[in-house]
Ligand code: RB5
């Protein structure tokens with residue numbers, strides 16, 4: 001079976017929440033690569049890029065990016081070909097972004113959501129299947145903009 005490794009990364013605004021997510025992943029034996037940072041003040045686009053490059057190369061299959069709001073990370077991530085990043089603050093969006101948008105990156109705001117809600121969103125992001133069909137047609141239309 002293909003190994004499924006998550007890419008995770010954060011800036012200083014997302015560090016604490018990233019650590020809480022890592023504790024959850026460790027408890028579930030979910031494999032991940034942590035691309036930093038370690039809590040120091042950094043520029044979030046660099047960390048979005050490290051994680052997205054790992055998804056583009058096939059090293060990782062999906063990613064979780066955390067900054068203060070999740071917004072900067074999602075903007076940076078969505079500039080990468082093949083990356084569909086969704087910034088979520090509620091569980092309905094976290095589920096639908098997989099079911100309808102086939103998101104491969106979840107972006108969270110460490111200054112927006114608490115760890116309990118964030119982990120519920122991570123579970124939905126990891127466990128919800130893409131529905132395909134008409135939703136694939138729409139994703140193909142987005143991909144056309146990249147080409
Ligand atoms: C850093 O202070 C903050 O701007 C960053 O974490 C993020 O919220 C940007 O979108």
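Rule-based calculations on the coordinates, nothing more; no lab input. Here the structure is a predicted model, which is why all the values come from computation and not from measurement. So basically every Cβ, Gly included, is an ideal-geometry build from the backbone, and we count neighbours across all protein chains shown.
Would you mind estimating how fast region 1-65 diffuses translationally, via Stokes-Einstein at 10 °C and 1.306 mPa s with the Kirkwood radius over Cα pairs, in µm²/s?
Answer, rounded: 134 µm²/s.
So if I take the centroid of the Cα atoms in region 25-88 and the same for region 107-145, what is the distance between those two points in Å? Between the Cα centre of region 25-88 and that of region 107-145, the gap is 13 Å. Where only DSSP H runs of four or more residues are counted, the chain gives -14500 deg cm²/dmol as its mean residue ellipticity at 222 nm, each run worth -39500 (n - 2.57). Helix 134-146 and the long axis of the chain differ in direction by around 70°, with both axes built from C-alpha atoms. Using a Förster distance of 30 Å, how high is the FRET efficiency between residue 141 and residue 23, based on the Cβ-Cβ distance and rounded to 0.05? Step by step, r from the Cβ atoms, then E = 0.20. Entry note: region 7-147 has Rg to Rh equal to 0.95, where both radii use alpha-carbon atoms and Rh is the Kirkwood radius. The orientation-averaged projected area of the convex hull spanned by the Cα atoms of region 37-94 comes to 4.2 nm².
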